[in-house]
1. For the subset of the range B:171-200 comprising residues that are surrounded by fewer than 20 Cβ atoms within 10 Å (Cβ to Cβ) and β-branched (Val, Ile, Thr), which member is nearest to B:Arg293 (Cα to Cα)?
2. Looking only at the range B:177-188, decide whether some residue is among the aromatic types (Phe, Trp, Tyr) and either more than 19 Å from B:Gly88 (Cα to Cα) or not assigned by TED's automatic domain parsing to the domain that holds B:Ser96 (or both).
3. Can you tell which of B:Gly129, B:Gly140, B:Gly124 is of a type outside the set (S, T, N, Q), in the same structural domain as B:Gly204 (by TED's automatic domain parsing) and assigned to a loop (DSSP other than H, G, I, E, B)?
4. In the range A:27-78, what residues are crowded, with 21+ Cβ neighbours inside 10 Å and free of Cβ contacts under 8 Å to residues at least 40 places away in the same chain?
5. With the requirement that a residue be within 12 Å of another protein chain (Cβ to nearest Cβ), part of a helix (DSSP H, G or I) and modelled with pLDDT of 90 or more, what does the range A:146-159 give you?
6. Taking C:Tyr148 as meeting all but one of (1) within 30 Å of B:Gln244 (Cβ to Cβ); (2) within 22 Å of the chain's Cα centre (by Cα), write down the number of the exception.
7. Right, A:Ala293: over 19 Å from A:Phe62 (Cα atoms), at pLDDT 90 or above and either assigned to a helix (DSSP H, G or I) or in contact with an Asp or Glu (Cβ under 6 Å, 6 or more places away or on another chain) (or both) or not?
8. List the pairs whose first member sits in the range C:261-279 and is charged (D, E, K, R), whose second member is buried (at least 21 other Cβ atoms within 10 Å of the Cβ), and whose Cβ atoms are under 6 Å apart, counting only residues at least 6 apart or on separate chains?
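The values are calculated or read from the model by the stated rules, or taken from the named source; none is laboratory data. This one's a predicted model, so the numbers in the text were calculated from it and none came from an experiment. As a convention, Cβ positions derive from the backbone with ideal geometry for all residues, glycine included, and neighbour counts pool all protein chains shown.
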Amino acid sequence: MANSSEKRPSRGALALLSERTIESLIYVCGFSAIIFVFGIFFFVFKEGAPFLTKLNFTEFFFSKEWIPTSTVQPKYGIGALIVGTVSVTVVAMAIAVPFGLGAAVFVSEFCTGKVKESLKIIIELLAAVPSVVWGFIGLSVMSPVIIAVFHVPVGVNLFNAALLLALMSVPIMVSIGEDALKAVPDSYREAAVALGATRWQMVYRVLIPAARNGLLAAVLLGVGRAIGETMAVLMATGHAVNIPDSLFDPVRTLTATIAAELGETSHGSDHYQVLFLIGVVLFSITFVVNLTADLVVKGIRKG
Amino acid sequence: MFTETPFIRRKRRAERIAQCFFAGMAAAMVIPLFLIIGYIVIKGAPAISWEFLTENPRSGGAKGGIWAAIVGTFYIVFFSLAVSAPIGVLAAVYLSEYARENWFTRMVHLAVVNLAGVPSIVHGLFGVGAFVYFANFNDGKKSIIAAALTLAVMTLPVIITSTKEALAAVPRQFREACWNVGATRWQTIWRIVLPNSISGILTGVILQVSRTAGETAPVMLTGVATYKLLESTGLFLYHPIRDQCMALSMHLYYIATQANNVPAATPYAIATVLVGVVLVVNAAAIVFRIYLRSRKKW
Amino acid sequence: MTKRSTFLPRILPGATAIAAALMVAGCGPSSDSGSTGTGKRTTIANMGSDTMVNLAAAWAEAYAEVDKAVLIEVNGGGSGVGIKGLINGTAELANASRHMEEREKSELKEKRQVEPREYVIGYDALSIFVHKDNPLDEITMEQLGEIYRADGKITKWSDLGVTNIPGAKGDEIIRVSRQNNSGTYEYFKEVVVGDQNEFKLGSLDMNGSKDVVELVGRTPNAIGYSGMGYANESVKTLKVARKAGDPAVAPSIATTHDETYPIARPMYFYTAGEPEPHVKRYIDWVLSPAGQKHVEETGYVPLAGN
């Protein structure tokens, strides 16, 4: 395309030059996503790297003692924080997966026209509520409700945070899940109906198996969102370094620890560097989750 | 008409049950949203007044309004979108108009997907490392520009994705017709593709306003102060490079967890304002989308 | 088609102009030029302790009326951050709710060849809070230590002889604490837990002084510590005895001044070397009755004689 334009006499050199400039700009911007992904890893790693030489990996990953500001012997064990993140995510998904996928099926298979449009809009809005607002809801609305309903000593806990995360990650699951269901050819539905299947049977026997990969990707993206969520879990988990015994124990997550402690940690201290290493761990976890989701989605396109 | 056999009746009932079941699933998510937002608005709305919106906070946030936070949020949103929108749109133009199907394009796609999945707090750490300390805009202190750039990187993949969808919606024939009359690739993009997809592109960008306005964790590490007094109620009080600013999202966190002697309604009022911003922005985007879709001629 | 194909080129210059105008306005003499009309204001960068941020903000607000030529910029971040700012020269006045450490003093001397100047500007008394329905009225420092220390023995309310807290779920003591790099946490550790000990993990580590009180107010099983000024009607402030048998003392201005209340500490301003005249004038005003009035209003303890 560019070659043919050079032969056109009507265009001035200036126009050509500016076109060249803008096209090179487009190329640079096109690569920007790659640059930023590497940039994020590089800068987060760079700030945390000096501590790697002092880091005891076994203690870091498996010790549940997180005492970074000790005046005697600081301990940097993120075991309990990992357990916190995992447990909140698992419970959140246990709530969100059935509801998210159920809602996706409802939107895609049972709704038409206006209802479908408005439901999708509402779900979009649900996705847009800021996480600090969710956190505030958990802190001041749900916490007393949970104490009263479940007769537990403390209302900011694993369950509270998981419930918020479920509500927060449902929208992404609905929209990706709906896309996956939409991708199932109508001929499948027609065949199922022709065989006399009820819609329930059609969903259960035909659509879910056919859209399996897309739904799995939807779940994985929900997981990614839940792992990375910060403000809501900071405010609603209780923020206690604790291996939970029950659904109603307070816990603490990796993300919340960084948010709570980085602001008051002096630049370059051990504690500061360890918080960045936690960032590297988080980055790696979500990278793997997102990569898997992406591969799974690509799987459906090919298969 | 068929006569209803028991089999058909049973089938009908199963059908209805299935419908109710899935409707229940959807309702279980939508109804809490309404209840919660309703609760917040009911508790917060009485505290919202013109003075609340246009006065600076006083006495550590216990009295006065939230003007400084509104201005700060505006600054952050404006600067971050001013950076991310052009880059994101051009990147999407690259991906949909220039890129060939090869491993490199595949890498870019992967990068976009992964960038979108990076936790916001990690973006915050990146902002601290890259913009606060490395770029060092403000002597190793937080600054508005650092926060805005951090959010720009964060919103970039979403803008790329939404723009790409908008560009893909422009029929290929439009481009071919343009190429056939001898236009260059860029002329085609500038004269045909962008004007025809501008609605979709803008909708995607507008939706990011609400996301950037609500983001807390990354900006609190890179550019937002818990309490930053303003001299007066002017608009241009913050210096984007030298200053930190307040922000609505952070102000809600601060008022809810730290500020003393705050009237009980104040955090609800701030939450209402935040949710209001989100609703207004999203509603605007939706209206915009519907309006422009109605003008579509293909 | 023709009409719309010119849409973008037409709006673009306009949009650019608006953006440019905003940029210029934003980058202009913005933050220094007040609309108060007094010309350029001198700013004092005041940062540090989160405990003191409310107080510092109240002072800054009030001082804006006293001296219109000076603008005080208040930032939190913690005592360490403020002192760090003093060392780097990014702060002219550091708020600290603890003493400056020797290490920090030598760093300041090394970087800026000055000694710090210290001003006690008020006191912060940490109250021990329980839920308002908790029948407990007083507690000893040893008991507090046993509750919060890593090897502490007290984990249940019945260990303290409290058996019937209305609304309580179970007997467990829910420990509410602060995040591990806040000044309040450090101070509580110093006087209650002990420098050579650690906090028992598993406490709910709140990010703000108010958070602690609110959580305790919602949680019948909880105990927590926070600034005296944060008390509200949903919690009860316990009297504290230095050791078993000693009289238990409620936190107040008087008991802080006569040092009978065991968990109170001074709050400081630090400057790098002698303060400049406008900073000195501010400090003098803070120490005057007009400034000290705000100490009590924000829930802290003013200097004796005010």
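1. Checked the range B:171-200; the qualifying residue nearest to B:Arg293 (Cα to Cα) is B:Ile198.
2. Within the range B:177-188, the first condition is being among the aromatic types (Phe, Trp, Tyr), and the residues that meet it are B:179, B:186.
Now restrict to residues that are either more than 19 Å from B:Gly88 (Cα to Cα) or not assigned by TED's automatic domain parsing to the domain that holds B:Ser96 (or both): B:179.
Yes.
3. On the way: B:Gly129 fails: assigned to a loop (DSSP other than H, G, I, E, B); B:Gly124 fails: assigned to a loop (DSSP other than H, G, I, E, B).
The conditions single out B:Gly140.
4. A:Cys29, A:Gly30, A:Ser32, A:Ala33, A:Phe36, A:Val37, A:Phe43, A:Gly77
5. Of the range A:146-159, the ones within 12 Å of another protein chain (Cβ to nearest Cβ) are A:146-157.
With the extra rule that they be part of a helix (DSSP H, G or I), the set shrinks to A:146-150.
Those that are within 12 Å of another protein chain (Cβ to nearest Cβ), part of a helix (DSSP H, G or I) and modelled with pLDDT of 90 or more: A:Ile146, A:Val149, A:Phe150.
6. Looking at each condition in turn, C:Tyr148 falls short on (1).
7. Working: over 19 Å from A:Phe62 (Cα atoms): yes; at pLDDT 90 or above: no; either assigned to a helix (DSSP H, G or I) or in contact with an Asp or Glu (Cβ under 6 Å, 6 or more places away or on another chain) (or both): yes.
Judged against the criteria, A:Ala293 is not a match.
8. Within 6 Å, the pairs are C:Arg265/C:Asp124; C:Arg265/C:Tyr187.
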